[in-house]
Each structure stands twice: as C-alpha cells, then as structure tokens.
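A short write-up of the structure that comes next.
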Amino acid sequence: MAIGGYNQLSLKSFNTQLDIKAYQFQSARAALYAYLNSAKIKTLYVPNYICDSIFPALESLNVNVIFYSINDLLLPDNISECTSTNDSKILLVNYFGLLSEQIKILTTIRPESFIVDNSQALFCEHIEGTTSIYSPRKFLGIPDGGLLRTSINIDMPEDCYDASKNCGHLLLRAAGYVQAGYRQFLEAEQALECFIPKKMSVISAYLINCADINLIKETRQRNYKFLYSKFKSLNQLQLPINGQIPLCYPLKISHDVGSVYKQLINNAIYLPRYWQSECNGKVGFNMFNSTLFLPIDERVSYAELLQLVNFIKKNL
Ligand SMILES: Cc1ncc(COP(=O)(O)O)c(C=O)c1O
C-alpha cells in the first residue's frame, strides 16, 4: 500500500480469477515444461497439427516426440496406437476451444494418460485425472500467462516473469495504434520464447482481476453463433458451439485462402493462421491452407461482423 506519488493506470476490478487451483506460469509452454520435468516424462505423443512453439521446451527436456495423425474432425485417428505408461503421455489439443465434449469422452477411460492442451480453450473445465494447460493471453489483454492443472506436486519457481517491458502493445492497441502495437506484440511474444518456468507476472494478475469475464464469454458465444449461422452451408468444418467459449470461428473452404488473407490485410482485417509447420500432416496442412480463423472476441461489433461476412462472401 502506498499513498500519493506518481500516477497509475486505473482499471475497474471485477475480482476475476481464473482457475484458482491452477499453477500459474508465464506461458502454456512453460507450464508444459514444468509438468514434464516434474513428472519425468520421457515420451510424448503429439498430434501432427500443433503450434511449433512447444517443441523447444520438449527438446530441452530430451522428451521423445511421437506424432499421431488426426482426422477431419480434428480428433486422433487411432488413439489406441498411442501407448501410455508412467513416463509417457498423450497430448490432446482442444482446437479452437471447440472439442471439449469429444476430449471428455476420449479421456474417460484412462484420464491419467492424457495432457489436455487447452491453450485455445481457456474456459474449458479441467478434467479430473488428466493434466491440462491453458494460455489465457489468447483470450484476455494480458502480456503473459500460462496455467497448469495436474494432480502431481509441482515445485514453483521463485522468480516472477517481468512483463513491465512487454505491455506496450496492449496500450497502443487500446489507443487505436494497431500497426505500432503489432511490432511490440511480436517482441512481447518473442520474450516468451524462453520456456524456463517463471511465475505469471504481477501485471497479468492485476489485468486478469480487471477483466469483465462474463462480457468476454457472452460476446464470444454470441459472435460464434452469428458466424455459424451465416456460414453453415459453406463451412467444411462443422463444429457446433455446445455451450463452449471458442477462440475463433474456423471457416474451412475447398480451396487455398492465401489470396483472401492478402485482401483482408489490405482492408485492415487481421486474421491469425493456425499453424504453418513442418510437422503438419495432411489434415493440418489443409487446415492451414484452406481455413479462415475469424475473430469473435468482445471487441468486434455486430456491424463489423456483418461487414466481415459480406467481405468474405464477396471474395471467396
Ligand atoms: C495448441 C497450443 N498449444 C500451446 C501453445 C503455446 O502457448 P504459449 O504461447 O502460452 O506458450 C499454443 C500457442 O499458440 C497453442 O496454440
């Protein structure tokens, strides 16, 4: 507590807390590292469609990575090929936060065999018996953060992540300076490439406290349903919302979307692409090439969504 002195950014507190039982790190990959290291995992089955950012952590722990294939529904082709023991686990990705029910079914019989990667599914509940990781900054305006739920004991690092130099993009973006903020965003992401676990920053903890979580959840669901209704007949990937809170609306079509991405950028519409990777199998390759990942977050207004729908329909 301090009285007087220099001024501060003053946000309204909503007393928001994410999963209070979770260990809190600076990133999901640091959370994964902490778990694999503590549990002494030697082998990890990984789907052949995933973000490359996790691999340096696996390499540094000398974890043997065995890729498994996923099918068009983004689920393991043949899970029984993955044999889990005490020192081997199967990583399941909850893609776009839209596979929660399917993952629940897959993990029913031997939950302890699985690590559920909920990096894209912040609001998907942890399944008892499994281990799960989360990456809250994909849903919230925070500079860092990664959660781990597991039944094993994790020795937490002493040091906190210092995010004080990596918040500029959040402020610039809020002020409407999207391009200037983008450069700083890339730098902030680069700083997270160091996966050696640290505790989540105090800045992220404060910002989470001030996040209007109900608004975030409701808007994501409303926007998803809207896009789902608009693209139902066009989308080759039918993933119903089923009460989930998705990361985005993936619109998969029958041809390459590279040129559409370029047109969108020319119109100041910025969409992420998941994921360009050497490790992509056939399904992952097609997902990257033929899918538009449309935003559904609380910043997108109804008018903007409509504009986006019309633009895409016109340009596909
Ligand atoms: C499926 C998946 N797993 C793990 C990660 C790593 O998350 P973080 O950047 O918080 O380390 C990502 C990041 O994009 C991801 O999409």
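The values are calculated or read from the model by the stated rules, or taken from the named source; none is laboratory data. None of these values were measured; they are calculated from a predicted model. Heads up, the Cβs are rebuilt from the backbone with ideal geometry, glycines too, and the neighbour counts pull from every protein chain shown.
Tally time: how many residues in the range 230-265 are out of contact with any helix residue (DSSP H, G or I) (no Cβ under 6 Å at 6 or more places or on another chain), crowded, with 18+ Cβ neighbours inside 10 Å and aromatic (Phe, Trp, Tyr)?
Total meeting the criteria: 1.
Would you confirm whether or not the range 232-242 contains a residue that is outside the structural domain of Leu148 (by TED's automatic domain parsing), in contact with a strand residue (DSSP E or B) (Cβ under 9 Å, 6 or more places away or on another chain), assigned to a strand (DSSP E or B) and of a type in the set (A, V, I, L, M)?
Among the residues of the range 232-242, not one is outside the structural domain of Leu148 (by TED's automatic domain parsing), in contact with a strand residue (DSSP E or B) (Cβ under 9 Å, 6 or more places away or on another chain), assigned to a strand (DSSP E or B) and of a type in the set (A, V, I, L, M), which makes the answer no.
Anything in the range 301-316 that is in contact (Cβ under 8 Å) with a residue 24 or more places away in the chain and not in a helix (DSSP H, G or I)? List them, or say none.
Leu316
Can you tell me which residue among Leu247, Leu227 is outside any helix (DSSP H, G or I), touching a Phe, Trp or Tyr at 6+ places or on another chain (Cβ under 7 Å) and closer than 22 Å to Leu74 by Cα? I'd like the intermediate steps shown before the answer.
Values: Leu227 fails: outside any helix (DSSP H, G or I).
So the residue among Leu247, Leu227 that is outside any helix (DSSP H, G or I), touching a Phe, Trp or Tyr at 6+ places or on another chain (Cβ under 7 Å) and closer than 22 Å to Leu74 by Cα is Leu247.
Spot the failing condition for Ala30; the list is (1) assigned by TED's automatic domain parsing to the domain that holds Asn78; (2) surrounded by fewer than 23 Cβ atoms within 10 Å (Cβ to Cβ), and only one is missed.
(2)
Can you tell me which residue is nearest to Leu61 (Cα to Cα) among those in the range 164-213 that are part of a helix (DSSP H, G or I), among the polar types (S, T, N, Q) and free of Cβ contacts under 8 Å to residues at least 60 places away in the same chain?
Gln190
Taking only pairs six or more apart or across chains, which ones have beta-carbon atoms under 6 Å, a first residue in the range 22-34 that is in a helix (DSSP H, G or I) and of a type in the set (Phe, Trp, Tyr), and a second residue that is modelled with pLDDT under 95 and near the ligand (Cβ under 7 Å from one of its atoms)?
none
Exactly one of these conditions fails for Ala180: (1) crowded, with 18+ Cβ neighbours inside 10 Å; (2) in contact with a helix residue (DSSP H, G or I) (Cβ under 7 Å, 6 or more places away or on another chain); (3) over 17 Å from Ala28 (Cα atoms). Give me its number.
(1)
Has the range 48-62 got at least one residue that is assigned to a strand (DSSP E or B), in the same structural domain as Lys138 (by TED's automatic domain parsing), of a type outside the set (Ser, Thr, Tyr) and at pLDDT 95 or above?
Among the residues of the range 48-62, not one is assigned to a strand (DSSP E or B), in the same structural domain as Lys138 (by TED's automatic domain parsing), of a type outside the set (Ser, Thr, Tyr) and at pLDDT 95 or above, which makes the answer no.
Being surrounded by 11 or more Cβ atoms within 10 Å (Cβ to Cβ) and in a loop (DSSP other than H, G, I, E, B) is the filter here; which residues of the range 273-288 pass it?
Selection gives Arg273, Tyr274, Trp275, Gln276, Ser277, Cys279, Asn280, Gly281.
Scan the range 137-158 residue by residue and report those that are in contact with a strand residue (DSSP E or B) (Cβ under 7 Å, 6 or more places away or on another chain) and surrounded by fewer than 20 Cβ atoms within 10 Å (Cβ to Cβ).
Within the range 137-158, Ile154, Met156, Pro157 meet the criteria.
Can you confirm whether the range 42-60 contains a residue that is surrounded by 12 or more Cβ atoms within 10 Å (Cβ to Cβ), more than 15 Å from the ligand (Cβ to nearest atom) and more than 30 Å from Leu215 (Cβ to Cβ)? Walk me through it before giving the result.
Pass one, the range 42-60, residues surrounded by 12 or more Cβ atoms within 10 Å (Cβ to Cβ): 42-58, 60.
Pick out the ones that are also more than 15 Å from the ligand (Cβ to nearest atom) and you get 42-43.
Checking the rest, the ones that are also more than 30 Å from Leu215 (Cβ to Cβ) come to 42-43.
Yes, there is a match, as at least one residue in the range 42-60 is surrounded by 12 or more Cβ atoms within 10 Å (Cβ to Cβ), more than 15 Å from the ligand (Cβ to nearest atom) and more than 30 Å from Leu215 (Cβ to Cβ).
Out of the range 197-211, which residues are surrounded by 14 or more Cβ atoms within 10 Å (Cβ to Cβ) and more than 12 Å from the ligand (Cβ to nearest atom)? Spell out how you get there, then give the answer.
Quick first cut of the range 197-211, residues surrounded by 14 or more Cβ atoms within 10 Å (Cβ to Cβ) only: 197-201, 203-205, 207-211.
Result: Lys198, Lys199, Ser201, Ile203, Ala205, Leu207, Ile208, Asn209, Cys210, Ala211.
Among the strands (runs of 3 or more DSSP E) confined wholly to the range 88-146, which include 3 or more residues that are away from the ligand (no atom under 14 Å from the Cβ) and touching a residue at least 24 places away in the same chain (Cβ under 8 Å)?
On the way: elements: 88-93, 114-118, 131-134.
Once the strands (runs of 3 or more DSSP E) in the range 88-146 are filtered for at least 3 residues that are away from the ligand (no atom under 14 Å from the Cβ) and touching a residue at least 24 places away in the same chain (Cβ under 8 Å), what remains is 88-93.
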